[in-house]
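Heads up, the thing below is written out as structure tokens.
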Amino acid sequence: MQIDILTLFPEMFRGPFSESILERAVERGLVRVNIHNIRDFTHDRHHTTDDYAYGGGAGMVLKPEPIFEAVDKIRESGAADGGGELPVILLTPQGRLFGQEVARELAGRRRLVLICGRYEGVDERVGQYLATDEISIGDYVLTGGEIAAMVVIDAVVRLLPGVLGSELSPLEDSHVAGLLEYPQYTRPPGYRGWTVPEILLSGNHAQIAGWRREQSIRRTCERRPELLDKVDLSPEEKRLVEELR
Ligand code: JD8
């Protein structure tokens, strides 16, 4: 997969992309990430990227021209998308809500272009005539699209074949199974008087699997009951849920 990012703050991406799994995926050639400074696509002496909002109001709006020109250049460069349209994603609070399902959808694409706005946002024509998709990572206010882009990239890249290596298959994650994860413990078996549940030390793998499943259901019921609507439960598990409600 090739990912191109448009931003006014390219340095923000250095840290996350030079750590652990993401960096290893890049080193192993599973993903290529190109970061483009929107400022490099301006032509005036002051490299102007923003301007006042038509109609007034506080704050500046990112101009369309450098963003359209950057995407034009990206379109010409790199591998073709196998005939399909180039996915151009604008990160914006007005976008469709990002989740595991959208991550899976994006992980199926050969290329992604992510546009990160700043200030009061981006000229509407970018969303209307350039972006093929608008995504929000959640209902809270960030200062720009960069951190949202990092969240999207992290969630998508770990789904690419070969990226997770020795770790569990991403198909077994919570939010894929639809339930929250069960509690996890490691050594020591007792810490400050707090002990690990006996069953986990028993070596009885069938009982452990049953206990974990029940913990996942109890936890989901308590913390995220709305998730249970989309989960397949056995008759016995349904009885447990009724009892907990
Ligand atoms: C892009 C500027 C700042 C400040 C309106 C848009 C995503 N889930 C999300 N929350 N916030 C963003 C996001 C915020 C952005 C930009 C994404 C560009 N801002 C805000 C208040 C006024 N602008 C986001 N994805």
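Among the conditions (1) within 16 Å of the ligand (Cβ to nearest atom); (2) surrounded by 14 or more Cβ atoms within 10 Å (Cβ to Cβ), the only one that residue 227 does not satisfy is (1). For the stretch 1-46, the candidate set comprises residues that are touching a Phe, Trp or Tyr at 6+ places or on another chain (Cβ under 9 Å) and among the β-branched types (Val, Ile, Thr); within that set, the residue that is nearest to residue 88 (Cα to Cα) is 5. Out of all the residues in the stretch 58-93, which are within 16 Å of the ligand (Cβ to nearest atom) and touching a Ser or Thr at 6+ places or on another chain (Cβ under 7 Å)? 62, 63, 66, 87, 88, 92, 93 - these are the residues of the stretch 58-93 that are within 16 Å of the ligand (Cβ to nearest atom) and touching a Ser or Thr at 6+ places or on another chain (Cβ under 7 Å).
Note on the stretch 1-32: among residues that are in contact with a Leu (Cβ under 8 Å, 6 or more places away or on another chain) and part of a strand (DSSP E or B), the one that is surrounded by the fewest Cβ atoms within 10 Å (Cβ to Cβ) is 2. Here 141, 152, 126 are screened, and the one residue that is loosely packed, with under 12 Cβ neighbours inside 10 Å, modelled with pLDDT of 95 or more and within 12 Å of the ligand (Cβ to nearest atom) is 141. Summed over the stretch 206-224, the residues that are touching a residue at least 40 places away in the same chain (Cβ under 8 Å) and surrounded by fewer than 16 Cβ atoms within 10 Å (Cβ to Cβ) give a count of 2. Has the stretch 99-120 got any residue that is more than 6 Å from the ligand (Cβ to nearest atom), among the polar types (S, T, N, Q) and within 23 Å of residue 169 (Cα to Cα)? Yes - at least one qualifying residue is present in the stretch 99-120. Screening residue 171 against (1) assigned to a loop (DSSP other than H, G, I, E, B); (2) modelled with pLDDT under 95 leaves a single unmet condition, (1).
The values are calculated or read from the model by the stated rules, or taken from the named source; none is laboratory data. Remember, it's a predicted structure, so these values are computed and weren't measured experimentally. Don't worry about glycine lacking a Cβ; one is built from the backbone with ideal geometry, like all the others, and counts go over all protein chains shown.
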